[in-house]
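Contents: one structure, followed by commentary.
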Amino acid sequence: MHTAAGEPSPERHEIYDEDGVIRADYVARIGAAIADRDILLLKEHVASLHESELGDLIESLQPEQRHALVRLLGDDFDYTALTEVDEAIRREIVDDLPNEKVAEGLEDLDSDDAVYILEDLDEQDQEDILAKLPFTERIRLRRSLDYPEDTAGRRMQTEFVAVPPFWSVGQTIDYMREEDNLPDSFAQIFVIDPTFRLLGAVDLDRILRSKREVKIETIMHETSLPIPAEMDQEEAAQLVEQYDLLSAAVVDQNDRLVGVLTIDDVVDMIQEEAEEDIKRLGGVGDEELSDDVAATVRSRFPWLMVNLGTAVLASMVIGLFDATIQQMVALAVLMPIVASMGGNAGTQTLTVTVRALATRDLDIYNATRIVRREFMVGFINGILFAFVVGLLAYAWFGSAQLGFVIAAAMVINMIAAGLVGILLPLALDKLNVDPAIASAVFVTTVTDVVGFFAFLSLAGWWFGLI
């Protein structure tokens with residue numbers, strides 16, 4: 001019915017253009033089929049899509065079309081596609097469906113995908129849907145949902161293959177052939193004791209190359225990187241990425257095997273964390289592209305209010321020199337240049353620093369060297385742009401002294417920008433505060449204040465205006 005995981009549909013060229021964007025004519029054709037309630041066409045051209053393709057299609061449709069598409073497809077709708085769309089769209093679709101239908105759809109999903117859909121729902125709806133699932137599936141999902149959000153335990157897949165160490169290779173192969181409730185795909189078989197404590201793992205290729213009578217304990221290897229279920233998903237993803245693992249065992253506090261993180265989960269987690277950092281740098285929280293006006297306003301307003309406060313602070317600095325500016329209007333014309341250049345330079349350093357902290361490339365061992373580097377980069381860039389801006393000021397206002405003053409202020413602010421761009425996120429990280437949380441607002445505030453103060457105070461002193 002659906003394409004195998006990881007395989008695009010045969011009609012990919014009909015769905016996407018050469019830039020990988022979903023084709024408008026394809027969306028229009030599906031929209032017309034929905035309007036005509038052409039179930040046969042929808043089942044032929046939509047039900048066979050890969051979940052990521054179906055997710056792209058759903059996001060391209062109008063809200064009323066999405067609901068109609070799900071209802072028309074019925075049992076042929078692949079609920080895995082809901083993990084590929086924005087949270088707002090996912091909740092909108094699920095809220096429109098009876099809990100009985102949602103429960104039926106979740107039964108066919110891997111546990112990690114089912115949890116991804118359930119975790120966004122209200123607690124009452126969660127409980128109602130879980131109560132309609134088979135006992136074993138209900139227990140698995142409850143266990144995952146009990147772990148904190150954004151942890152390995154919440155993201156893990158609870159379907160895995162585990163055998164005792166005294167089994168032979170032949171017994172293990174026969175078990176995999178006869179057991180119906182195995183994961184759709186897996187690369188490792190885990191080895192456990194009677195209490196489910198993790199002992200090791202065996203790669204499938206090792207099993208296939210071993211004789212049937214060989215004991216599992218003789219060919220297994222210790223899992224050197226079992227991931228605690230309480231570990232933050234970003235740290236877990238970094239471990240899997242660092243050691244090039246296809247999958248990793250997840251264990252509870254007693255080292256008992258409770259799940260597995262697969263490479264597709266890790267890719268999703270890395271992408272999710274990267275998107276989160278980008279959004280936080282811009283101060284937009286968890287905003288999604290599909291959010292309505294009210295949700296978008298709520299997401300952006302707090303940090304815009306913070307930005308207003310920082311802007312007032314910069315204006316207060318300017319207010320200290322109002323008499324100076326009145327006596328020399330050229331200062332008002334030129335001072336935004338100093339602040340703007342410092343803000344951009346600080347944001348450049350901040351972006352590189354936040355990403356380096358997220359990937360653990362920046363630590364206590366190289367922090368001092370990187371701080372020195374950013375100081376020198378700020379100094380050299382300051383000298384270069386001081387020369388350019390000094391000449392500009394001279395050509396504009398015919399004053400070499402004014403050119404010298406703005407050049408000196410430019411050097412000071414570029415150095416300050418480089419230092420605050422790295423020291424601020426380092427300090428926040430040391431305090432266990434996410435350095436991506438709107439650091440750009442504070443960096444630009446510092447560069448504005450330093451830039452205005454340096455330029456106006458130097459000008460006032462040099463020209464005897466203060």
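The values are calculated or read from the model by the stated rules, or taken from the named source; none is laboratory data. It should be emphasised that the depicted structure is a prediction, and the values quoted were computed from it without experimental measurement. Cβ coordinates were reconstructed from backbone atoms using ideal geometry, including for glycine residues, and neighbour counts include every protein chain displayed. We work out accessible area using only protein heavy atoms, side chains counted, and drop any ligands, DNA or RNA first. Shrake-Rupley method; radii C 1.70, N 1.55, O 1.52, S 1.80 Å.
The residues in region 155-197 that are of a type in the set (A, V, I, L, M, F, W, C), touching a residue at least 40 places away in the same chain (Cβ under 8 Å) and either part of a loop (DSSP other than H, G, I, E, B) or in contact with a Pro (Cβ under 9 Å, 6 or more places away or on another chain) (or both) can be counted, and the count is 8.
If you go through region 109-153 and keep only what is in a loop (DSSP other than H, G, I, E, B), within 26 Å of the chain's Cα centre (by Cα) and of a type in the set (D, E, K, R), you end up with 110, 119, 120, 122, 149, 150.
Here's the yes/no breakdown for (1) within 30 Å of residue 242 (Cα to Cα); (2) among the hydrophobic types (A, V, I, L, M, F, W, C); (3) at pLDDT 85 or above:
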residue	(1), (2), (3)
321	no, yes, yes
330	no, yes, yes
333	no, yes, yes
355	yes, no, no
374	yes, no, yes
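Here is the figure for region 34-69: residues that are among the hydrophobic types (A, V, I, L, M, F, W, C) and crowded, with 20+ Cβ neighbours inside 10 Å total 8. Within region 215-256, the set of residues being among the basic types (Lys, Arg) and within 18 Å of residue 160 (Cβ to Cβ) comprises 256 only.
Pairing each residue of region 134-146 that is in contact (Cβ under 8 Å) with a residue 40 or more places away in the chain with any residue that is of a type in the set (Lys, Arg), provided the two are 6+ apart or on different chains, yields C-beta distances under 7 Å for 144/154. Does region 422-441 include one or more residues that are open to solvent by less than 30 Å² (accessible area, probe 1.4 Å), at pLDDT 85 or above and more than 19 Å from residue 280 (Cα to Cα)? No. Checking 255, 203, 277 one by one, the residue that is surrounded by 13 or more Cβ atoms within 10 Å (Cβ to Cβ) and within 20 Å of the chain's Cα centre (by Cα) is 277 and no other.
If you go through region 332-344 one residue at a time, do you hit one that is under 26 Å from residue 427 (Cα atoms), of a type in the set (Ser, Thr, Tyr), buried (at least 18 other Cβ atoms within 10 Å of the Cβ) and out of contact with any Cys (no Cβ under 8 Å at 6 or more places or on another chain)?
Among the residues of region 332-344, not one is under 26 Å from residue 427 (Cα atoms), of a type in the set (Ser, Thr, Tyr), buried (at least 18 other Cβ atoms within 10 Å of the Cβ) and out of contact with any Cys (no Cβ under 8 Å at 6 or more places or on another chain), which makes the answer no.
Only a single criterion out of (1) buried (at least 17 other Cβ atoms within 10 Å of the Cβ); (2) free of Cβ contacts under 8 Å to residues at least 12 places away in the same chain is not satisfied by residue 294, namely (1). Comparison of 185, 144, 168 shows that the only residue that is open to solvent by less than 10 Å² (accessible area, probe 1.4 Å) and of a type in the set (Ser, Thr, Tyr) is 144.
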